[in-house]
1. List every residue pair whose Cβ atoms lie under 9 Å apart, where the two residues are 6 or more positions apart in sequence or sit on different chains, the first residue falls within the range 41-66 and is open to solvent by 30 Å² or more (accessible area, probe 1.4 Å), and the second residue, located anywhere, is more than 13 Å from the ligand (Cβ to nearest atom) and among the aromatic types (Phe, Trp, Tyr).
2. Limited to the range 80-129, what total is found for residues that are assigned to a strand (DSSP E or B), closer than 18 Å to Ala147 by Cβ and of a type in the set (Val, Ile, Thr)?
3. Scan the range 63-83 residue by residue and report those that are more than 16 Å from the ligand (Cβ to nearest atom) and either of a type in the set (Lys, Arg) or touching a Lys or Arg at 6+ places or on another chain (Cβ under 9 Å) (or both).
4. Any idea which of (1) within 15 Å of the ligand (Cβ to nearest atom); (2) among the basic types (Lys, Arg); (3) over 18 Å from Arg110 (Cβ atoms) is the one Arg170 doesn't satisfy?
5. Would you confirm whether or not the range 182-192 contains a residue that is within 15 Å of the ligand (Cβ to nearest atom), modelled with pLDDT of 95 or more, among the hydrophobic types (A, V, I, L, M, F, W, C) and within 12 Å of the chain's Cα centre (by Cα)?
6. From the list Val86, Val106, exactly one residue is open to solvent by 30 Å² or more (accessible area, probe 1.4 Å) and either under 20 Å from Ala153 (Cβ atoms) or within 16 Å of the ligand (Cβ to nearest atom) (or both). Which is it?
7. Picking from Asn132, Asn118, which residue would you name as being closer than 28 Å to Val21 by Cα and not aliphatic (A, V, I, L, M)?
8. Which of the numbered conditions does Ser8 fail, given that it passes all the others? Conditions: (1) of a type outside the set (Val, Ile, Thr); (2) surrounded by 13 or more Cβ atoms within 10 Å (Cβ to Cβ); (3) in a helix (DSSP H, G or I).
Amino acid sequence: MSSPMSASTFLDALKDEGLTVVQVGAWRTHNRNHKGPWGPVNGVMIHHTVTRGTAATVRTCRDGYPSLPGPLCHGVIAKDGRVHLVGYGRTNHAGLGDDDVLRAVVAEKRLPSDNEANTDGNRHFYGFECENLGDGEDPWPPAQLEAIEKAAAAICRHHHWTSRSVIGHREWQPGKVDPRGFSMTAMRARIHDRLK
Ligand SMILES: [Zn+2]
């Protein structure tokens, strides 16, 4: 359990991990804090966007939809590996998920299956939306996978978490399939190696 980083610390952590960061508008104060709590933070959640094109993807993740207002994450990880910061604080990315999964993330234990939607994830997770159609065919370029690894590792490094604090949306919320096209187990192994 930890207090969230400040926006400046978050930005520095990403840059220190070697990422190229694009700051979008007033990302530091664009959030949903008026709708609920942000923190304590317990982990990092990875998503895919089901969108095509970086500009449109970043815009959607910043602004959201009428039914789901933005920001929809903290950072958008584009196919070229650049991380676009669209919000900071509570964001609409994780929805309701499984309290047993949250307990496992906190304890950094093996994940149980996600079969309940009873816990506010937006309070507890940093979120990265990754530009991908999510059809299982749209490729995940090496630069993008490396950026996912680095972004998650940067946050784990700051909070002294292990790679077990990084989960996919599909491991949190019943019915979700993202991210699709790479293995979260393999991604956690990469993050583990990076944190050594
Ligand atoms: Zn998602």
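1. Correct list of pairs: Arg62/Trp27.
2. Final tally of qualifying residues: 1.
3. Lys79, Gly81, Arg82, Val83
4. Failing condition for Arg170: (3).
5. No, the conditions are met nowhere in the range 182-192.
6. Val106 is the lone residue from the list that is open to solvent by 30 Å² or more (accessible area, probe 1.4 Å) and either under 20 Å from Ala153 (Cβ atoms) or within 16 Å of the ligand (Cβ to nearest atom) (or both).
7. After ruling out the rest, the residue left standing is Asn132.
8. (2)
The values are calculated or read from the model by the stated rules, or taken from the named source; none is laboratory data. Keep in mind that what you see is a predicted model, and the values were worked out from it rather than measured. Backbone-built Cβ (ideal geometry, glycine too); neighbour counts: all protein chains shown. The protein model used for the area step is the full one, side chains on, heavy atoms only, and it has no ligands, DNA or RNA in it. Shrake-Rupley method; radii C 1.70, N 1.55, O 1.52, S 1.80 Å.
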